[in-house]
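S.K.: This is the structure, below, for whatever I ask next.
The values are calculated or read from the model by the stated rules, or taken from the named source; none is laboratory data. All figures in this text were calculated on a predicted structure; none of them were measured in a lab. Heads up, the Cβs are rebuilt from the backbone with ideal geometry, glycines too, and the neighbour counts pull from every protein chain shown. Remember, those area values only see protein heavy atoms, side chains included, never the ligands or the DNA or RNA. Shrake-Rupley method; radii C 1.70, N 1.55, O 1.52, S 1.80 Å.
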Amino acid sequence: MSTRSSDRSPLPRARKRFGQNFLQDLGVISRIVRAIGPRAGDRLVEIGPGQGALTGPILEANGALEVIELDRDLIPGLRVQFYDYPDFTIHEGDALKFDFQALSQQDGRPLRVVGNLPYNISTPLIFHLLAARGAITDMHFMLQKEVVERLAAEPGGTNWGRLSVMTQYHCEVESLFVVSPDAFVPQPKVDSAIVRLTPFAELPSPANDEAHFSDVVRQAFGQRRKTLRNNLKGVIEVEALEALGIDPGRRPQTLRVDELVAISNYLTSAGATDADSTDGDSMDGDSMDADSMGDASTDSPVTRKPS
């Protein structure tokens with residue numbers, strides 16, 4: 001029995017200008033759905049259903065699903081494909097601008113968000129979702145393997161950076177498994193991976209001012225090879241770092257989330273609300289530099305409904 005879906009589909013084929021790659025390995029699709037674990041009564045939201053490879057199995061397990069699709073050429077086919085599911089809802093629009101908080105408030109149920117995220121918008125989209133974390137139970141995403149490694153990194157490793165800190169401040173992060181390029185047609189140039197993000201019910205190390213905390217993290221990781229003494233010069237005195245039990249000679253990638261929170265909370269308590277060269281931007285749409293993200297690939301696997 002073949003483990004790949006057929007090339008026949010009523011939906012548009014991948015368009016090269018979008019760098020689309022369709023997931024066709026039925027074993028991988030099944031493993032992703034098992035990791036999500038859809039249950040009756042869940043309010044599930046899929047970002048970018050593509051041609052519906054994950055959409056169908058989720059609907060079979062849950063009976064209800066809302067999807068957010070930007071590509072209007074895919075929407076008619078999705079409507080036809082899942083016509084028999086009365087609780088299948090399509091929201092046409094950009095997930096980066098979508099109000100997840102308002103969606104949850106419609107019936108008071110928290111959201112379970114899933115998706116095969118385009119690599120070029122994966123980080124700002126995750127930050128947009130973290131801004132609505134109070135409305136979300138968990139998130140399961142297919143991402144570039146390198147991005148997942150950064151999300152799930154630990155302090156002291158080469159992958160630990162601003163993306164790791166800001167995500168782990170808000171969520172428990174679990175790297176689940178790798179998806180190789182041969183699971184897609186056409187094959188992307190990079191490995192993908194599945195990650196689970198579960199927002200904390202109570203933050204382990206709450207910041208007094210989260211916008212200020214984000215600024216401090218940005219400043220601390222401004223130049224990874226330099227020490228805190230240099231990166232935070234003019235932001236916090238060496239003596240204050242030492243009083244917090246933090247060696248000013250350490251490099252930023254060695255700092256834990258709680259230590260960065262301690263720096264931010266010290267500064268806000270002392271009345272310092274700006275962390276140099278920042279605009280105080282919020283989590284929503286907070287951009288990440290290449291040092292934090294790694295090189296973003298233009299290969300963006302999206303899913304294809306097996307037939």
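S.K.: Identify, from the list Ala240, Ala207, the residue that is surrounded by 15 or more Cβ atoms within 10 Å (Cβ to Cβ) and in a loop (DSSP other than H, G, I, E, B).
M.R.: Ala207
S.K.: Checking the conditions here, which among Ala102, Ala35, Ala95 is without any contact (Cβ under 8 Å) to a residue 24 or more places away in the chain and under 20 Å from the mean Cα position of the chain (by Cα)?
M.R.: Selected residue: Ala102, the only one of Ala102, Ala35, Ala95 that is without any contact (Cβ under 8 Å) to a residue 24 or more places away in the chain and under 20 Å from the mean Cα position of the chain (by Cα).
Quick grid of which residues meet (1) surrounded by 15 or more Cβ atoms within 10 Å (Cβ to Cβ); (2) free of Cβ contacts under 8 Å to residues at least 60 places away in the same chain; (3) assigned to a strand (DSSP E or B):
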| position | (1), (2), (3) |
| --- | --- |
| Ile68 | yes, yes, yes |
| Pro76 | no, yes, no |
| Val80 | no, no, no |
| Asp84 | no, yes, no |
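S.K.: Still on this structure: Hey, among the residues in the range 121-168 that are part of a strand (DSSP E or B) and of a type in the set (S, T, N, Q), which one's least open to solvent (accessible area, probe 1.4 Å)?
M.R.: Among them, the one singled out is Gln144.
S.K.: Confirm whether Glu46 is among the acidic types (Asp, Glu), in contact (Cβ under 8 Å) with a residue 60 or more places away in the chain and open to solvent by less than 30 Å² (accessible area, probe 1.4 Å).
M.R.: Taking the combined requirement at face value, the residue satisfies it.
S.K.: So, in the range 246-277, how many residues would count as being open to solvent by 60 Å² or more (accessible area, probe 1.4 Å), assigned to a loop (DSSP other than H, G, I, E, B) and modelled with pLDDT of 95 or more?
M.R.: Result for the range 246-277: 3.
S.K.: Assess whether Leu197 counts as being more than 26 Å from Thr268 (Cβ to Cβ), open to solvent by 30 Å² or more (accessible area, probe 1.4 Å), in a strand (DSSP E or B) and not hydroxyl-bearing (Ser, Thr, Tyr).
M.R.: The answer is no for Leu197.
S.K.: So how many residues does the range 93-120 have that are open to solvent by 10 Å² or more (accessible area, probe 1.4 Å) and either in a loop (DSSP other than H, G, I, E, B) or on the phi > 0 side of the Ramachandran plot (or both)?
M.R.: So the count comes out to 10.
S.K.: Sticking with this structure for a sec: Return the residue satisfying two criteria in turn: it lies in the range 210-237 and is out of contact with any helix residue (DSSP H, G or I) (no Cβ under 7 Å at 6 or more places or on another chain) and in a loop (DSSP other than H, G, I, E, B), and of such residues it is least open to solvent (accessible area, probe 1.4 Å).
M.R.: Step by step, filter the range 210-237, then rank; the result is Thr227.
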